There are 2 protein chains.
Amino acid sequence: MTHSEERDVWVVDVAPRDGLQNDPAELTVDDKVELVRRLLAAGVYRVEVGSFVSPKWVPKMADTDEVVRRLGPAAGRCTCLIPNERGYDRAVAVGLKDVRTVVAASATMNRKNFGCEPEDTLAEIGRVARRAQADGVRLWAVVATAFGCPFEGRVSLGTVLDLVRRLADLGVREVLLADTTGVAVPPQVARLCEASLSVVAGMGIQLGIHLHNTRNTGYANAFAAWQVGIRLMDASLGGIGGCPFAPRATGNIATEDLVHMLERSGIRTGIDLEALIRASDWLADRLGHGVPSLVPKAGPVPAEVYAVKGG
Amino acid sequence: MTHSEERDVWVVDVAPRDGLQNDPAELTVDDKVELVRRLLAAGVYRVEVGSFVSPKWVPKMADTDEVVRRLGPAAGRCTCLIPNERGYDRAVAVGLKDVRTVVAASATMNRKNFGCEPEDTLAEIGRVARRAQADGVRLWAVVATAFGCPFEGRVSLGTVLDLVRRLADLGVREVLLADTTGVAVPPQVARLCEASLSVVAGMGIQLGIHLHNTRNTGYANAFAAWQVGIRLMDASLGGIGGCPFAPRATGNIATEDLVHMLERSGIRTGIDLEALIRASDWLADRLGHGVPSLVPKAGPVPAEVYAVKGG
């Protein structure tokens with residue numbers, strides 16, 4: 001398999017941000033640059049390179065500026081997380097042309113993350129959206145806790161659909177529904193994705209998902225999303241990104257395991273799985289601990305012998 | 001949630017056999033009896049209590065007779081693996097009324113496991129089937145390597161369907177399609193299950209699946225099987241059952257993680273998830289090592305707060 005622009009699904013790797021942010025290990029700028037380069041070389045659609053939040057809150061992301069500078073032109077295939085307009089300033093100052101904002105579907109989660117109501121966060125995203133349009137910067141938005149909130153529990157379908165519609169109206173190009181704490185199950189993913197796709201139909205919005213495998217439903221959820229028409233998926237190399245106190249128990253779905261499942265299912269990711277596995281092994285070595293992904297441990301299934309069409 | 005006979009899906013726990021057989025730990029007869037009792041108390045449909053193979057080949061199963069005797073009447077909800085008529089003799093001698101035979105869809109795997117061709121194994125199953133019918137013993141059959149073989153690679157759909165049809169003709173009551181080495185992906189599971197369901201339609205056969213999560217596709221495969229109408233599923237408490245040299249990398253799908261996904265999806269298993277989680281914690285303690293399941297680590301999602309219907 002070689003990296004190709006022929007894709008049926010667009011996979012974004014969030015390991016350098018969502019992954020490393022919660023990992024007990026401390027990677028150097030050199031390591032982070034190497035990680036991003038390996039991911040891009042393997043053919044992932046985008047890499048979430050870091051975030052522009054206060055280093056007081058997330059000290060591990062304090063070097064994102066430096067990582068982006070060191071990447072040079074390769075940063076053109078990267079995105080980054082910004083919590084507000086100040087983050088936007090820093091992102092464009094270092095030359096990024098692709099940024100991600102976040103709003104939580106649950107008010108409690110939004111307050112805990114951003115210290116304000118979802119309404120205020122939407123207003124901030126609106127300001128960023130106007131500047132992004134003027135600056136030619138591509139804007140994404142992540143809807144956190146779209147499938148449930150650890151504080152509030154249930155999040156209503158209507159709340160999420162309303163957010164999706166308003167984000168689309170603000171000019172956001174990609175909207176990602178995030179299962180922030182890994183509570184979603186396949187029928188729920190199918191239902192919310194279908195309803196959200198209807199909401200943005202004809203608006204030129206790419207709808208995606210951001211899944212965690214906290215309770216072993218992540219890959220089933222990814223497949224359910226694929227089945228209803230989702231073509232944009234976040235994943236994290238090695239499946240890193242969980243709670244630092246139980247590093248193997250939680251985490252984003254692993255990019256290599258997602259790519260393995262999709263490619264074996266005849267769904268083209270444009271990603272070189274072997275390169276991804278080498279990158280995952282390298283990452284585990286740099287982190288100094290095992291990672292939750294399984295394909296690097298078991299080995300991929302050779303495509304030529306296990307033809308899916310043969311049953 | 002309490003254990004109930006109201007089920008939409010029938011889950012068989014194979015931890016005492018497929019799980020322990022490959023685990024580096026050595027459990028005592030006391031521990032095995034306790035494990036089976038806990039699984040039955042949680043409400044699983046059947047427990048695969050052990051196997052009647054030569055102790056020379058699988059020394060860890062040498063105490064299956066003793067475990068069954070110690071279980072007393074509780075063994076009435078257990079099944080066991082038998083490789084041949086001699087195994088059948090031992091199973092009925094200890095009073096079991098429910099036995100499982102195996103035949104591999106790949107000839108190489110069948111030779112390695114049983115030292116003979118699949119045709120010879122089918123003849124043996126035929127002999128066992130006639131005796132089981134006369135003895136009032138319920139007979140299952142597992143089709144190993146139904147989704148691919150580590151030696152031969154691809155296994156054709158026609159080969160598996162032919163086996164399913166012939167097993168049904170022999171009077172087998174349950175036929176399980178096994179992804180022995182965790183190579184299957186959801187569309188493959190859907191296709192083979194659908195085709196197999198057609199083959200046995202109207203014959204009074206319950207068709208099931210036996211999945212491994214070797215490459216993180218196990219739960220997605222289980223959901224795909226559910227979607228096409230499969231209502232019988234093997235799983236292993238803790239997700240144990242992998243290669244002893246990489247205990248976290250492989251293994252059966254975990255009963256607690258499967259039950260969590262199904263119940264949250266509104267699919268009734270008749271199983272008490274909390275009891276299963278306590279059993280899983282107890283098992284990990286007895287094994288002296290962590291187990292691959294994730295729900296015990298992350299905690300289940302409280303049903304009352306995360307209502308699926310709410311999105």
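The values are calculated or read from the model by the stated rules, or taken from the named source; none is laboratory data. The structure presented is a predicted model; accordingly, all values stated were derived computationally and were not measured. When we count neighbours, we look across all protein chains shown, and the Cβ atoms used for this are built from the backbone with ideal geometry, even at glycine.
Of the residues that sit in region A:145-159 and are modelled with pLDDT under 95 and not in a loop (DSSP other than H, G, I, E, B), which one is nearest to the other protein chains (Cβ to nearest Cβ)? Checked region A:145-159; the qualifying residue nearest to the other protein chains (Cβ to nearest Cβ) is A:G153. No other residue among B:E48, B:E6 is surrounded by fewer than 22 Cβ atoms within 10 Å (Cβ to Cβ), of a type in the set (D, E) and within 27 Å of B:H260 (Cα to Cα) apart from B:E6.
Look through region A:199-232, keep the residues that are in a strand (DSSP E or B) and more than 14 Å from chain B (Cβ to nearest Cβ), and return whichever of them is farthest from B:T255 (Cα to Cα). Among them, the one singled out is A:Q206. With respect to the conditions (1) away from every other protein chain (no Cβ under 14 Å); (2) more than 20 Å from the chain's Cα centre (by Cα); (3) on the phi < 0 side of the Ramachandran plot, B:R173 lacks only one, and its number is (2). Selection within region B:182-198: residues that are touching a residue at least 40 places away in the same chain (Cβ under 8 Å) and out of contact with any Lys or Arg (no Cβ under 6 Å at 6 or more places or on another chain). The member of this set that is farthest from the other protein chains (Cβ to nearest Cβ) is B:V189. Filtering region A:177-204 to residues that are aliphatic (A, V, I, L, M) and crowded, with 24+ Cβ neighbours inside 10 Å leaves A:L177, A:V183, A:A184, A:V185, A:V189, A:L192. Being touching a strand residue (DSSP E or B) at 6+ places or on another chain (Cβ under 6 Å) and part of a helix (DSSP H, G or I) is true of A:A129. Looking across region A:81-105, the residues that are among the hydrophobic types (A, V, I, L, M, F, W, C) and touching a Ser or Thr at 6+ places or on another chain (Cβ under 7 Å) come down to A:L81, A:I82, A:V99, A:V103, A:A104, A:A105.
Residues in region A:88-121 that are surrounded by fewer than 22 Cβ atoms within 10 Å (Cβ to Cβ) and among the small types (G, A, S) were compared, and the one that is modelled with the lowest pLDDT is A:G115.
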